[in-house]
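Asker: Before anything else, here's the structure in question.
The values are calculated or read from the model by the stated rules, or taken from the named source; none is laboratory data. Here the structure is a predicted model, which is why all the values come from computation and not from measurement. Ideal geometry is used to build each Cβ from the backbone, glycine not excepted, and the neighbour counts take in all protein chains shown.
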Amino acid sequence: MSSVTIVGASLSGLYAARELRAQGFDGRLVIVGEEPHRPYDRPPLSKDFLTGRAGEEQLALTDAEDVAGLDAEWLLGVRARGLDTRGRAVLLDNGRTVVTDGVVIATGATARRLPGESLAGVHTLRTLDDARALRADLVRGARRVVVIGGGFIGAETASSCAGLGHAVTVVEAAPLPLLPQLGPEMAAVCAALHRRRGVELITGTGVTGLHGTATVTRVSLTDGRTLPADTVIVGIGASPATSWLAGSTLALQDGVLCDDGCVTALPQVVAVGDVARVGGSRAEHWTSATEQPRVAVTNLLAGRTLATVRSMPYFWSDQYGSRIQFAGRHREGDAVQLTEGECGADGPDEAGFLARYEREGRTVAVLGVDRPRAFMRARRALQREEGERAVPAAL
Amino acid sequence: MIPVCRLEDLPEGESVRVEATPPIAVFRTEDGALYAIDDTCTHQDASLSEGWLEGCLVECPLHAASFDLRTGEPTCLPARRPVRTHRVTVEDGVVHVHVDAEEGTAA
């Protein structure tokens, strides 16, 4: 393989580039990125970047030395519009065609939108440009902020807005925020975190429309209420960015379908990060985006699946001064027990807590709030147990 | 020079955070050696004193960046910059940290 093109210049694309060089690939390396920016870290966009605690320079994932070491051709600010698997080429929006032996698909996901989003004052939060625009809105004085969606982006953004002194309302369609991710017990804890800081949390209620003439002024809800709003943040999830692959021979189904080793039906095409459905599941976690590239690159260079991804899901979220960490696989019906610390009706105190999710007598996931050390031990133990169970099955 | 704690209060394999500016993490490895480094991970805001200690390496509790306690150098991504290291002494049974005066030096 003498040339590889990475489509997507964010976290997993960058990690793939590093892995290619680390694993000895010395051919031509092209990195295509839709955004004009070099790779940056997205998690701070809803937190320290929004509150002004971190500037853009702190988001950078590369420095000059890194960039020189990668010896890549960066095509930034240009979209890929197609993959010609027969001609072995990536087609770009600017009319250019990049002929390539191998392809790493790392195009990530795109924030879902609502009708009416063209109104000024309505934001999504996915990219640096999104965060810049939202921040510019938030520093213009006291705002009435309505956050649609109580997931991670919604909760963190609401927390940052409240920290900046704005009046914040979160609207969540489900009975509790983060219900599918955390289950009812821990979702209730997250609801308490919102309310404790004076954020109004409306649950079990959808949004019927965004209203205003040029700028948004109101959000109407399915229960007939109308919320006044100066700023609206739409945090209703993201869709894998696969539209550019329509018409290619790749199988697309809520992401690019890959085997356990991030390899598509074509051995010279692998996918990593938010866009990849690896072994039947797609994650939108920072950790999977950084772990998959090693495996994907090994397999790409080998021309077949030698390595598989076997990491345990892990994610974290900073909300209202609390750090929530979660590892493992939660399912509906798991029993949740606090094994360290306490949590009252209005949320945990400063000492936080550790909770275990149990199923059929064993721990399947752990969640920590402000208990990093206990959480890390529990996460390690869980990983070890999973590894031990996986070994006999593999033999 | 900052007094940290009595040596017997820092068991092997444990660490303690010193509320200096910036904060410092002091480690006692499994083989008894003492090391001090800046507590805040150079990648993102997380306390290394709460990390996973294995030999002379500490792994950040948030994103698994790893640092060599002897040099302060990161041994893997996502950290790219070193943390400062500080000299540790034990005087009359009390662990002391000698804060490295220069910001940004690795050793």
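Asker: I'm checking my understanding of the structure. Among residues of region A:61-94 that are of a type in the set (D, E, K, R) and under 28 Å from A:LEU125 (Cβ atoms), which one is surrounded by the fewest Cβ atoms within 10 Å (Cβ to Cβ)?
Answerer: Result: A:ASP63.
Asker: Moving on. Against the condition part of a strand (DSSP E or B) and among the small types (Gly, Ala, Ser), how does B:ALA25 come out, does it pass?
Answerer: Taking the combined requirement at face value, the residue satisfies it.
Asker: I need the full set of residues from region B:41-51 which are more than 9 Å from chain A (Cβ to nearest Cβ) and in contact with a helix residue (DSSP H, G or I) (Cβ under 7 Å, 6 or more places away or on another chain), in order please.
Answerer: B:CYS41
Asker: Does at least one position in region A:369-379 carry a residue that is part of a loop (DSSP other than H, G, I, E, B) and touching a strand residue (DSSP E or B) at 6+ places or on another chain (Cβ under 7 Å)? Please lay out each step first, then the result.
Answerer: Of region A:369-379, the ones part of a loop (DSSP other than H, G, I, E, B) are A:370-371.
Remaining after also requiring touching a strand residue (DSSP E or B) at 6+ places or on another chain (Cβ under 7 Å): A:370-371.
Yes, the conditions are met somewhere in region A:369-379.
Asker: Follow-up. Taking A:GLU332 and the conditions (1) of a type outside the set (Lys, Arg); (2) outside any strand (DSSP E or B); (3) modelled with pLDDT of 95 or more, which numbered condition does it fall short on, given that it satisfies the others?
Answerer: It is condition (3) that A:GLU332 fails.
Asker: Okay, moving on. Working only within region A:286-312, note down all residues that are surrounded by fewer than 22 Cβ atoms within 10 Å (Cβ to Cβ), over 22 Å from A:SER3 (Cβ atoms) and in contact with a Phe, Trp or Tyr (Cβ under 8 Å, 6 or more places away or on another chain).
Answerer: Those that are surrounded by fewer than 22 Cβ atoms within 10 Å (Cβ to Cβ), over 22 Å from A:SER3 (Cβ atoms) and in contact with a Phe, Trp or Tyr (Cβ under 8 Å, 6 or more places away or on another chain): A:TRP286, A:THR287, A:THR290.
Asker: Restricting to region B:52-83, count the residues that are more than 14 Å from chain A (Cβ to nearest Cβ), out of contact with any Phe, Trp or Tyr (no Cβ under 9 Å at 6 or more places or on another chain), within 10 Å of B:THR42 (Cβ to Cβ) and not in a strand (DSSP E or B).
Answerer: Count: 1.
Asker: Let me spell it out: the conditions are (1) assigned to a loop (DSSP other than H, G, I, E, B); (2) surrounded by fewer than 15 Cβ atoms within 10 Å (Cβ to Cβ), and A:ALA351 meets all of them except one. Which number is the exception?
Answerer: Condition (1) is where A:ALA351 drops out.
Asker: Quick one: would you say B:ARG17 is within 11 Å of another protein chain (Cβ to nearest Cβ) and at pLDDT 95 or above?
Answerer: Judged against the criteria, B:ARG17 is a match.
Asker: What helices (runs of 4 or more DSSP H) completely inside region A:1-116 contain at least 1 residues that are in contact with a strand residue (DSSP E or B) (Cβ under 6 Å, 6 or more places away or on another chain)?
Answerer: Details: elements: A:11-22, A:48-51, A:64-70.
Ranges flagged: A:11-22.
Asker: Then there's this: Which residues, counting only those in region A:3-60, are hydroxyl-bearing (Ser, Thr, Tyr), more than 22 Å from A:ILE105 (Cβ to Cβ) and surrounded by fewer than 24 Cβ atoms within 10 Å (Cβ to Cβ)?
Answerer: A:THR51
Asker: Look through region A:215-240, keep the residues that are part of a loop (DSSP other than H, G, I, E, B) and exposed (fewer than 14 other Cβ atoms within 10 Å of the Cβ), and return whichever of them is nearest to the chain's Cα centre (by Cα).
Answerer: A:THR222
The rows are residues; the columns are (1) free of Cβ contacts under 8 Å to residues at least 60 places away in the same chain; (2) in the same structural domain as A:ALA106 (by TED's automatic domain parsing).
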{"position": "A:LEU221", "(1), (2)": "yes, no"}
{"position": "A:GLY224", "(1), (2)": "yes, no"}
{"position": "A:ALA229", "(1), (2)": "no, no"}
{"position": "A:TRP244", "(1), (2)": "no, yes"}
{"position": "A:THR249", "(1), (2)": "no, yes"}
{"position": "A:CYS258", "(1), (2)": "yes, yes"}
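Asker: Working only within region A:351-380, note down all residues that are more than 14 Å from every other protein chain (Cβ to nearest Cβ) and acidic (Asp, Glu).
Answerer: Listed by number, the residues that qualify are A:GLU358, A:GLU360.
Asker: Mind telling me which of the residues A:GLU56, A:GLU35, A:GLU73 ends up being farther than 22 Å from A:LEU91 by Cβ and more than 14 Å from chain B (Cβ to nearest Cβ)?
Answerer: Selected residue: A:GLU56, the only one of A:GLU56, A:GLU35, A:GLU73 that is farther than 22 Å from A:LEU91 by Cβ and more than 14 Å from chain B (Cβ to nearest Cβ).
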